[in-house]
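Report on the following structure.
Since every read-out is calculated from the coordinates, none of them should be taken as a lab result. Since this is a predicted model, take the numbers as computed values, not measurements. Note: ideal-geometry Cβ built from the backbone for every residue, glycine included; neighbour counts use all protein chains shown.
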Amino acid sequence: MSDWTDETIDWYAENFGDDPTVFAMLDVVPVPGTAAVLDVGCGTGSALRALVGRTTGALAGVDPFARMIGHAERLTKAAGLGARIDFSVAPAEALGMPDTGFDVVLALNAIHHWADINAGLAEAFRVLRPGGVLAIGGEKFGVDALGRAQDYTAELAQAGFVPGDATRSSDLFYQLSHKAPK
């Protein structure tokens with residue numbers, strides 16, 4: 001995470017702010033029509049803007065960088081959706097969101113940037129309602145790129161999640177996990 005400077009954030013926002021893998025992920029994530037959705041590591045907010053027509057529930061995004069949130073807010077306002085999506089600066093490990101406040105938590109092209117995956121997953125579990133879905137995924141990277149495989153099964157189980165669907169294709173991976181109903 002420390003490699004992100006104002007310059008790299010601007011470069012990312014310009015070149016990858018509307019990354020196609022984000023939209024491909026949204027095709028596999030179950031988002032009920034009234035779902036409250038939190039995007040952890042929301043970047044430019046493109047996933048949340050795409051969800052505006054799919055749910056009437058609250059939409060919120062967090063990113064650890066104020067400059068990235070600035071891009072998200074600017075693009076969302078330009079799309080006429082400023083009143084619909086709330087953005088805030090927060091890392092995955094300390095979301096600053098209420099317990100059980102969301103039906104869906106997204107971590108699209110983001111989890112490999114988290115400083116502490118276990119703490120981030122514990123936070124995702126905390127903010128999800130019972131029966132809620134955590135969607136991890138996005139662009140598929142090899143071990144050479146990330147230093148580890150993109151399989152978070154052990155960490156998800158440690159955080160209390162129940163396994164759901166998972167897939168790995170040539171260019172996309174995802175893991176859907178659930179918070180068990182009480």
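Dimensions of the stretch 6-178 from C-alpha coordinates, computed as largest minus smallest value along each principal axis and given longest first, are 40, 36, 28 Å. Distance from the Cα centre of the stretch 51-69 to that of the stretch 1-39, in angstrom? So the two Cα centres are separated by 9 Å.
Which net charge results for the neighbourhood of Ala124, defined as the other residues with beta-carbon distances under 14 angstrom from its beta-carbon, given Lys and Arg at +1 and Asp and Glu at -1?
Values: positive: Arg126, Arg129, Lys179; negative: Asp39, Glu93, Asp99, Asp103, Asp116, Glu123, Glu155.
Residues near Ala124 contribute -4 overall.
Calculate for the chain the 222 nm mean residue ellipticity that helices alone would give, adding -39,500 (n - 2.57) per DSSP H run of length 4 or more and normalising by residue count, nearest 500 deg cm²/dmol.
On the way: 7 runs with 59 residues, N = 182.
Theoretical 222 nm ellipticity from helices: -9000 deg cm²/dmol.
Note on the chain: with a GNM built from Cα contacts shorter than 10 Å, the maximum mean-square fluctuation among Thr76, Thr56, Thr21 falls on Thr56. Springs join every pair of Cα atoms under 10 Å in this Gaussian network model of the chain, and among Gly120, Gly131, Gly80 the largest mean-square fluctuation is at Gly80. Proximity of backbone amide H atoms, modeled 1.01 Å from N, is registered between Asp86 and Leu59, Ala60, Gly61 at under 5 Å, excluding neighbours fewer than 5 places apart on the same chain.
For the stretch 94-138, the alpha carbon positions stretch 25, 20, 14 Å along the principal axes, listed from largest to smallest.
Could you work out the relative contact order of the stretch 6-178, using alpha carbon pairs under 8 angstrom and six or more residues apart, expressed as a whole percent?
Once normalised by length, the contact order is 19 percent.
Of the beta bridges in the stretch 6-178, as assigned by DSSP with both residues counted there, near 40 percent are antiparallel.
On the principal axes of its alpha-carbon atoms, the stretch 49-136 has extents of 35, 28, 21 Å, going from largest to smallest. Couplings for the stretch 112-129, taken from phi via the Karplus curve 6.51 cos²θ - 1.76 cosθ + 1.60 with θ = phi - 60°, read 5, 8, 5, 5, 9, 4, 4, 5, x, 5, 4, 5, 4, 4, 4, 7, 7, 6 Hz in order; Gly and Pro are left as x. What you get for the chain, charging only the Cβ of Lys and Arg (+1) and of Asp and Glu (-1), is a dipole of about 720 debye around the Cα centre.
Would you list Thr8, Thr44 from fewest to most Cβ contacts within 10 Å?
On the way: Thr8 12, Thr44 27.
Sorted ascending by nearby Cβ count, the order is Thr8, Thr44.
For Leu172, the residues whose amide H sits under 5 Å from its own are Lys140, ignoring neighbours fewer than 5 places away on the same chain, with H placed 1.01 Å from N.
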